[in-house]
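S.K.: The structure follows.
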Amino acid sequence: MKREQRYLGLVVALCVGVALVLGPGFTQSALAGPEDVAMFYNELEQHGQWFEYENYGPVWQPSRVGEDWRPYTDGRWVPTKQGYIFESQEPWGWATYHYGNWMPTAGYGWVWVPGRTWYPSTVQWRTSRKNVPVNASYVGWAPIPPRGYVPPPAYAPSTYGAPAADLLTPPLWIFARAASFLLGFGQPYTPAYSYISHPVLAPPSYVPVFYRQTAIVPNYYTPAYYAPAVHRGRAPSYGAYSWGPPVEYITRVTNINRTVINKNITNNTNNISRINNVVPPQQLVARNAYIRQIVPPALLQGKPLPPSKRTANFRQAQANLPALQGVPQLKAQIPRVQPHPVKHGQGVPGAGLPAKAVMPLTPQMQQQVQKLPPKQQIVPIKPLPIKPVAAQPAVPAEPAVKAKPAVPAKPAVPAEPAVKGKPAIPAKPAIPAKPAVPAEPPVKAKPGVPSQPAVPAKPAVPAGPAVKGKPAIPAQPAVPAKPAVKAKPAVPAKPAVPAEPAVKGKPAIPAKPAVPAQQHQQPQQQQKQQKEKPQPEKP
């Protein structure tokens, strides 16, 4: 009982370690950027289809495969000093098994997210316990999803293990009978040595049983062919990957002598470039010079890779992103697919396996499957066909309502001069100008075809044209005219002074004529007259 508790404690510790490694970085690139997609777009387009899926950006899916196909099944594992390398005749294996990450989707099965860092493989490993008999031992592998991957409900039932272990849930795993793990060991690769040609893989319904009976293999290494990367000003960190099951374990469960395995590992490492789809084809590298930048130089030269170093600090396991030059700009329009969620109980798309690769359930296996709760059972279903969402034409924006021009101010009526003894008629004040009615902004256009620019207001400032679905800039209202300065009323005329009668000896004082009313001039006219008035000459 104490031994069992110690073992469970070790499993939990390993799960925590995996959680740290599978955090941001372990054999993962960030979500695919334009350069990552552009590097692989043309070469993979002829073998599959690109589409945008949810928040993961552009992803790729092979088209010339069966509905029950899964990555890392059409081929075999080959041990090298760099770890186990998947050998396959799939023409796109050089990219999808060494760069980026595979992930299962809720509706469309397995898709590949591109990345630019080369690894021997991008999977995590599990093996049976050391005390399990050879005929009951299994080796399992699961593709590591990209950074930020969230398992859909169909892949992550709440009843599976601890939260750390749920990062790689049972539907992601493939288990092979340990005795048949090294197919065609030491022999040149042929399709006959592929897992899909032999019934050596565990049925999906039995995977949850193996999942509980196996432990994660904590063999993590950092490749020496890439320089360390600095992440956000922190200390340098290195890319890491899982080497795979130890040689001593594989020696026991496969009944192959350890010396023979080590000898083949040395030979495979010296000739690693001869393993199918480890190095991009020479014609491909010649067409795309930027591909050469992401392949370890030793592989291009046909030389052994420098030895990797064992990683002890999982927290520093970060994906390294080398700088690239000359990558063409991606001009293709990648369609987006409609999300299709699959709830638990409806089945798991992508959890199936090729029919020829699945071993039949034994009576003992059937009894163990029947003991599983319904929520833990894996029922594979066929993925949906890819149907890109058709782009809907955008609704154009309605033109803005024209702004009404301002009404000009009427000039003031000048005062009339007084008529012989009658008071002058005061001037009427000017009627102020009415401000212009501002233009109404156009109705927002829906995204898609850019809206037509609004008709500019006159004399208001014209509205700016709408830019691809954004509303047009509303017209600025006209500046209202300043009201005219009110004219001051004229000074009334003074009545004439009557003549005084003559006093004895003095002549009569003649009458003074009436002073005419003075009309005040407009300020502008007064200024004009002052300018025109001659200035007196200086003596």
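S.K.: Calculated FRET efficiency, Gln346 and Gln213, Cβ-Cβ r, R0 30 Å, to nearest 0.05?
M.R.: Efficiency, from the Cβ-Cβ distance: 0.65.
S.K.: Still on this structure: So how do Glu35, Glu67 line up by other beta-carbon neighbours within 10 Å, fewest first?
M.R.: Starting with the residue having the fewest Cβ neighbours, the order is Glu67, Glu35.
S.K.: If you don't mind, another one. Between rounded, prolate and oblate, where does the range 70-214 land on the alpha carbon gyration tensor, with a ≥ b ≥ c its root eigenvalues, rounded for a/c under 1.5, else prolate if a/b exceeds b/c?
M.R.: Since a/c reaches 1.5 but b/c is at least a/b, the shape of the range 70-214 is classed as oblate.
S.K.: FRET efficiency for Arg310 and Val247, Cβ-Cβ distance as r, R0 = 25 Å, nearest 0.05?
M.R.: 0.95
S.K.: Below 13 angstrom from the Cβ of Pro383, what's the summed charge of the other residues (Lys, Arg +1; Asp, Glu -1)?
M.R.: +1
S.K.: Using the Cβ atoms and a cut-off under 14 Å, what net charge is assigned to the surroundings of Phe51, where Lys and Arg are +1 and Asp and Glu are -1?
M.R.: -1
S.K.: Fully extended, how many nm does the chain gain between Thr259 and Val150 (0.36 nm per residue separation, minus their Cα-Cα distance)?
M.R.: The Thr259-Val150 span can extend by a further 35.0 nm.
None of the figures in this text is laboratory data; all of them are computed from the coordinates on show. A quick note: this is a predicted structure, and the numbers were derived from the prediction, not measured. Reconstructed Cβ throughout: ideal geometry from the backbone, glycine too, with neighbour counts over all protein chains shown.
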